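The next block holds one structure in the form of structure tokens; read it before the comments.
None of the figures in this text is laboratory data; all of them are computed from the coordinates on show. Predicted model, so just to flag it, every value in this text is computed and none were measured. So basically every Cβ, Gly included, is an ideal-geometry build from the backbone, and we count neighbours across all protein chains shown.
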Amino acid sequence: MKLVLRNSDIKRILMGCPRGHKHIRLVIETEDLTIVFQEATVANIVRAYVTLKTHPTRRAVELQLTRLEKLKEGYAEYQLLEVEKEDREIEKEIYDLLYSNPSC
């Protein structure tokens, strides 16, 4: 299943730390759907976005779920980490995913 959200599809976004929790949540509400992202997921997306916007040559990045045994204190065992893949390969995958469904 593919889900493409445009600004016009989003009713509202909430971001903050719920009562009794330590970590931020991002909530995206549409007319028919509520999506909740945990802080680690948002941090990974932001890291990838900032990398692409500020790097002089990078045009695409892929993050893949990785289970880590040794990590810094406070980090989740499961992380979305960069994959060693050429930008053009990632760009092609994005293109293929978008245009295999013309409504995207």
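Quick look at the numbers
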{"quantity": "Residue list for region 39-90, restricted to those being in contact with a strand residue (DSSP E or B) (Cβ under 9 Å, 6 or more places away or on another chain), closer than 26 Å to Gly16 by Cβ and hydroxyl-bearing (Ser, Thr, Tyr)", "calculated": "Thr41, Thr51, Tyr78"}
{"quantity": "Criterion (in contact (Cβ under 8 Å) with a residue 12 or more places away in the chain and farther than 23 Å from Lys2 by Cβ) met by exactly one of Ala48, Ala60, Ala76", "calculated": "Ala76"}
{"quantity": "Glu31 being of a type in the set (D, E, K, R) and in contact (Cβ under 8 Å) with a residue 24 or more places away in the chain", "calculated": "no"}
{"quantity": "Total residues in region 76-104, condition hydroxyl-bearing (Ser, Thr, Tyr) and loosely packed, with under 10 Cβ neighbours inside 10 Å", "calculated": "3"}
